[in-house]
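Okay, so here's the structure we're looking at.
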2 protein chains.
Amino acid sequence: MIEVSTALNLIRPSYIREILSAAKSPNIISLAGGLPSPELIPTTLLSKALRSISEEPAHSLSELFQYGETAGYSPLLATLEEMYKIPQGIHSMITNGSQQGLDLIARAFINKGDHIVVEAPSYLGALQVFGLAQANIKSVEQNESGPDLDQLENLFALQKVTLFYAVPDFHNPTGVCWSLNTRKQVATLCRQYNVTLIEDAPYRDLRFDGQALPLVSSFCEERSIILRSFSKVAAPGIRLGMVSASESILSPLIKIKQAADLHTAIPLQAALRFVLKDDRFPQHIRNIRDAYQHRYQQFSESLSRLKPYGGEYNKFVWLKLPKINALNAAKDLLQQGIAVVPSTVFYHNNSNSSAALRLNFTHEKINELDKAIAGIEVYLKAKKVWM
Amino acid sequence: MIEVSTALNLIRPSYIREILSAAKSPNIISLAGGLPSPELIPTTLLSKALRSISEEPAHSLSELFQYGETAGYSPLLATLEEMYKIPQGIHSMITNGSQQGLDLIARAFINKGDHIVVEAPSYLGALQVFGLAQANIKSVEQNESGPDLDQLENLFALQKVTLFYAVPDFHNPTGVCWSLNTRKQVATLCRQYNVTLIEDAPYRDLRFDGQALPLVSSFCEERSIILRSFSKVAAPGIRLGMVSASESILSPLIKIKQAADLHTAIPLQAALRFVLKDDRFPQHIRNIRDAYQHRYQQFSESLSRLKPYGGEYNKFVWLKLPKINALNAAKDLLQQGIAVVPSTVFYHNNSNSSAALRLNFTHEKINELDKAIAGIEVYLKAKKVWM
């Protein structure tokens, strides 16, 4: 039988897929996946968008359903460029979710063995694509204001680094937001060492407290790539994201996209445009922010019960539990009907991971979250490592 | 600035993209792209599908717009398995058009330098993805009943070949349909030499004359991958295709798809299912077949004018013009407002290409097709190589 490629063999079996799959059975409380809460998906706006499209005259419909441009549906691109105030000289392309944007970047710019830097911990989907591209992945530790700048400079100085992948706003999985100073310093380092920054920004529009800070990319526009996602502000099922960069960076990405799937489906790009332009869209964003803020506050109260076990946490929620084995804990908890993600999966190299559980509070309702924390408490109590 | 990857540098600049882009200006008659005729896109069925989805209750909508399974929307998969009578033991995955299916296959199974075989000429999009995967591409010549079997066996015997990519029904670009004997012989050779067959079947459902023959894969199920496309039977803008294979082959493809873009957008999968299940869908397929048959007949009459110039043709249409330089002819014709695709782009190695032009008759109306042929005739007459 045919053998799988070396690249595919190198990426680790994804434990998170197993968890997500298990988490679907009705008797599991899932704090595992990053699924938005079903009632916060703007079904009214989406339904209205689909109905409007269905009512278009035949000649417009036959255009929406014809082959389209690889870069995306141009009316949607125009709407987004205005909405995000994309500066002159920066061009954008629509992708199948920001995950595809990441994959295209890896394929366009990484050769086997190239050195790239990620934060530790880091978004699992990014580790997967960089693994597939056979990059030599180095990681920089985080503190409460972003990546450790000395470590980052050492990594950049030690050998040629081509790309630095980061999530500066509401980092997944830790929830850290970079300080203004860190943003400026990282941009300066990228310029100095000729490193291209990949700024992944799926959560920026959902900030529910603290101050909005400029994109890191705004301090090093010419050497950065911004990834945006419409999974959280609109809906994940439409699989739409956007990648923005200078033309010299975007044009190879378009070339890869052309080979990968020609272009992204047009009718849902038209539907997203309807949703974004709807008068009620700003209210929808406020609703999401309010709901998450409220849920987070109540979840925090439940979480405070875990302090006796060394439980420290942060928005997103990244629950540090220094005395446990995170992978075993996640497996044990799953047996008890509680799905969480162990910290190990967010490090490209398990050895430097510090024990934590990622708890997503956006999907389950408050009652269920509370039950889950109670279950985690019972589990930790039984472990007795705190005696 | 950041440099593009070796793989991307290796794929040739796509002249066809230039043509397709030029072909959009209103004063060009385009016989270049494989675009379906706008009036044959089932806008009524698609509009009805979108309206039905827009009327679903909020809880169903929030499921359709939530993250989904990587393999695809299961009700659509079930419909397709029934429709295509997918045999037991063969599993399927929905992709962003069959182009993505090809790309996933290349990424999952090809290491740099692996030997694979394609027909010469071959589908351009396939040559691109195999080029990106840095495969060592060998090609087998075609005769009127499919690939030359002796050549194919020699290629298989000479060195380890992992994959053989073929379009056995209405080959793109030549239009050749493999005979039953060739189908069986190729399957036997694949078994004997342990080669996995990629059977690309986007046009099978649109046959407008001749006899439907079994899939080549039906003679070597366990070592084949079938690609289907819904761009021609439904619409290209929805970007939906399907890849089917035994579990050991499909499961690596699902793993790559997960890293590439998590899954294909759900709402358009639901819309496609509506269209396929609609009572009027079989009539839509008959309409496409009738329209193409009619247009092809009339186009053939125009084409017969080109016989004095050595013009031989075949369905699709692949117009052989042995005495011209195909690339120069295509460029000259574009200047004169006629877009066609030169044969060179369909060969991974230009040197073994024989001069021809691919003329697509599905997009333009009869009058325009006729004008285009008259223009080609004027051009050929002026070349004087036939004197």
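Structure values in brief
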| item | result |
| --- | --- |
| Residue in the stretch A:119-129 that is nearest to A:Leu240 (Cα to Cα), counting only those that are in a helix (DSSP H, G or I) and in contact (Cβ under 8 Å) with a residue 60 or more places away in the chain | A:Ala126 |
| Members of the stretch B:47-82 that are facing another protein chain (nearest Cβ under 7 Å) and closer than 19 Å to A:Arg239 by Cβ | B:Leu50, B:Ile53, B:Ser54, B:Leu61, B:Ser62, B:Leu64, B:Phe65, B:Gln66, B:Tyr67, B:Gly68 |
| Options B:Glu56, B:Glu144, B:Glu81; residue that is touching a residue at least 12 places away in the same chain (Cβ under 8 Å) and open to solvent by 40 Å² or more (accessible area, probe 1.4 Å) | B:Glu144 |
| Qualifying residue in the stretch B:4-18 (condition: within 30 Å of B:Lys371 (Cβ to Cβ), in a helix (DSSP H, G or I) and open to solvent by less than 50 Å² (accessible area, probe 1.4 Å)) | yes |
| Given (1) open to solvent by 30 Å² or more (accessible area, probe 1.4 Å); (2) more than 15 Å from B:Ile105 (Cα to Cα), index of the condition B:Cys190 fails | (1) |
| Evaluation of B:Pro322 against (1) in contact (Cβ under 8 Å) with a residue 40 or more places away in the chain; (2) surrounded by fewer than 22 Cβ atoms within 10 Å (Cβ to Cβ); (3) not polar (S, T, N, Q) (one fails), failing number | (1) |
| Checking A:Tyr67 against (1) in a loop (DSSP other than H, G, I, E, B); (2) in contact with a helix residue (DSSP H, G or I) (Cβ under 9 Å, 6 or more places away or on another chain); (3) open to solvent by less than 50 Å² (accessible area, probe 1.4 Å), the condition it does not meet | (3) |
| Flag for B:Asn194 being more than 17 Å from B:Phe346 (Cα to Cα) and more than 14 Å from chain A (Cβ to nearest Cβ) | no |
| Sole residue being among the hydrophobic types (A, V, I, L, M, F, W, C), at pLDDT 95 or above, more than 24 Å from A:Lys112 (Cα to Cα) and not in a helix (DSSP H, G or I), chosen from A:Leu197, A:Leu213 | A:Leu213 |
| Restricting the stretch B:208-229 to residues that are within 13 Å of chain A (Cβ to nearest Cβ) and of a type in the set (Ser, Thr, Tyr), the residue that is nearest to B:Ile249 (Cα to Cα) | B:Ser224 |
| Hits in the stretch A:59-78 (condition: touching a residue at least 40 places away in the same chain (Cβ under 8 Å) and small (Gly, Ala, Ser)) | A:Gly68, A:Ala71, A:Gly72 |
| Tally, over the stretch B:170-187, of residues that are modelled with pLDDT of 95 or more and either part of a strand (DSSP E or B) or surrounded by 18 or more Cβ atoms within 10 Å (Cβ to Cβ) (or both) | 6 |
| Number of the exception - A:Phe274 against (1) at pLDDT below 95; (2) open to solvent by 30 Å² or more (accessible area, probe 1.4 Å) | (1) |
| Residue list for the stretch A:81-108, restricted to those being under 17 Å from A:Ser122 (Cα atoms) and hydroxyl-bearing (Ser, Thr, Tyr) | A:Ser98 |
| Matching option when the condition is more than 7 Å from every other protein chain (Cβ to nearest Cβ), of a type outside the set (Phe, Trp, Tyr) and open to solvent by 10 Å² or more (accessible area, probe 1.4 Å), among A:Pro26, A:Pro38 | A:Pro26 |
| Hits in the stretch A:84-118 - residues which are surrounded by 24 or more Cβ atoms within 10 Å (Cβ to Cβ), in contact with an Asp or Glu (Cβ under 8 Å, 6 or more places away or on another chain) and outside any loop (DSSP other than H, G, I, E, B) | A:Thr95, A:Gly97, A:Ser98, A:Gln99, A:Gln100, A:Leu102, A:Asp103, A:Phe109 |
| When residues of the stretch A:264-280 are limited to those that are more than 22 Å from the chain's Cα centre (by Cα) and part of a helix (DSSP H, G or I), the one nearest to the other protein chains (Cβ to nearest Cβ) | A:Ile266 |
| For A:Gly33: the one exception among (1) under 27 Å from B:Ser47 (Cα atoms); (2) out of contact with any Pro (no Cβ under 7 Å at 6 or more places or on another chain); (3) open to solvent by less than 50 Å² (accessible area, probe 1.4 Å); (4) outside any helix (DSSP H, G or I) | (1) |
| Which listed residue, of B:Tyr309, B:Tyr347, is aromatic (Phe, Trp, Tyr) and over 21 Å from the mean Cα position of the chain (by Cα) | B:Tyr309 |
| Candidate set: the stretch A:230-257, residues that are open to solvent by less than 10 Å² (accessible area, probe 1.4 Å) and among the hydroxyl-bearing types (Ser, Thr, Tyr); chosen: the one nearest to the other protein chains (Cβ to nearest Cβ) | A:Ser231 |
| Meets criteria (buried (at least 23 other Cβ atoms within 10 Å of the Cβ) and either touching an Asp or Glu at 6+ places or on another chain (Cβ under 6 Å) or of a type in the set (Phe, Trp, Tyr) (or both)) for B:Ala126 | no |
| Criterion (within 14 Å of another protein chain (Cβ to nearest Cβ) and at negative phi) met by exactly one of A:Asp205, A:Asp261 | A:Asp261 |
| Residue under evaluation A:Leu155, criteria (1) out of contact with any strand residue (DSSP E or B) (no Cβ under 6 Å at 6 or more places or on another chain); (2) modelled with pLDDT of 95 or more, criterion not met | (1) |
| Residue in the stretch B:295-305 that is modelled with pLDDT under 95 and over 22 Å from B:Arg207 (Cα atoms) present | yes |
| Selection count where residues are closer than 20 Å to A:Ala201 by Cβ and out of contact with any helix residue (DSSP H, G or I) (no Cβ under 8 Å at 6 or more places or on another chain), scope the stretch A:102-150 | 3 |
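The values are calculated or read from the model by the stated rules, or taken from the named source; none is laboratory data. These numbers come from a predicted model, not from an experiment. Backbone-built Cβ (ideal geometry, glycine too); neighbour counts: all protein chains shown. Calculation scope for accessible area: heavy atoms of the full protein, side chains included, ligands and nucleic acids excluded. Shrake-Rupley method; radii C 1.70, N 1.55, O 1.52, S 1.80 Å.
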